Amino acid sequence: MKNISLLKAGGRTLRAALLLNCAMLIAAPQVMAGDPLKGGKIYNQQCKQCHGSSGKSTFPGVADFSRGEGLMIADHELLQKIRNGGGMMPAFRGILKDDDISNVITYLRKLRR
Ligand code: HEC
């Protein structure tokens, strides 16, 4: 008898967990989608001097964002790149919050012509 009531309680938690999962799935795209206006401000302050206002870099050999170069990867991978930097690219961990970086990523994706 005890087992059955446990099972019932378990079913309820399972159902609650499933509902939560669905809610998260629906909410997720909104959480991930950054604000391109905020991103653009940050881009102009922190990135433009090297990556150019249109995304065409002033450095030779650097990805041209206006042609979508360097952007054919998932948002979370781009986030890591921007956080960690590498080579001549400065690391933005500790300078920009993840939310800010997400906004910049949304902006980068809009630079593509
Ligand atoms: C001091 C100059 C400089 C600044 C400022 C700078 N970058 Fe970079 N960035 C570079 C260089 C140089 C590279 C190429 C690094 C390499 O491949 O070795 C690069 C690479 C990148 C890449 C990877 C492109 C690829 O080919 O995979 C991304 C994404 C990027 N930068 C985004 C940003 C963002 C967003 C900002 C502002 C928050 C920013 N960068 C600020 C110089 C800069």
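The values are calculated or read from the model by the stated rules, or taken from the named source; none is laboratory data. In this text, all values refer to a predicted model and were calculated from it rather than measured experimentally. When we count neighbours, we look across all protein chains shown, and the Cβ atoms used for this are built from the backbone with ideal geometry, even at glycine. Accessible surface areas use protein heavy atoms only, side chains included; no ligands, DNA or RNA. Shrake-Rupley method; radii C 1.70, N 1.55, O 1.52, S 1.80 Å.
Some points to look at:
- Selected residue (only one of R93, R83, R12 is modelled with pLDDT of 55 or more and not assigned by TED's automatic domain parsing to the domain that holds R109): R12
- Among residues of the stretch 81-97, those that are open to solvent by 80 Å² or more (accessible area, probe 1.4 Å) and near the ligand (Cβ under 6 Å from one of its atoms), counted: 3
- When restricted to residues that are loosely packed, with under 15 Cβ neighbours inside 10 Å and more than 10 Å from the ligand (Cβ to nearest atom), the stretch 63-79 contains 3.
- Among the residues of the stretch 45-62, those that are more than 9 Å from the ligand (Cβ to nearest atom), surrounded by fewer than 17 Cβ atoms within 10 Å (Cβ to Cβ) and small (G, A, S) comprise S53, S54.
- Residue check, I105 more than 6 Å from the ligand (Cβ to nearest atom), closer than 20 Å to K41 by Cβ and β-branched (V, I, T): yes
- Tally, over the stretch 65-100, of residues that are part of a helix (DSSP H, G or I), under 19 Å from S53 (Cβ atoms) and without any contact (Cβ under 8 Å) to a residue 40 or more places away in the chain: 1
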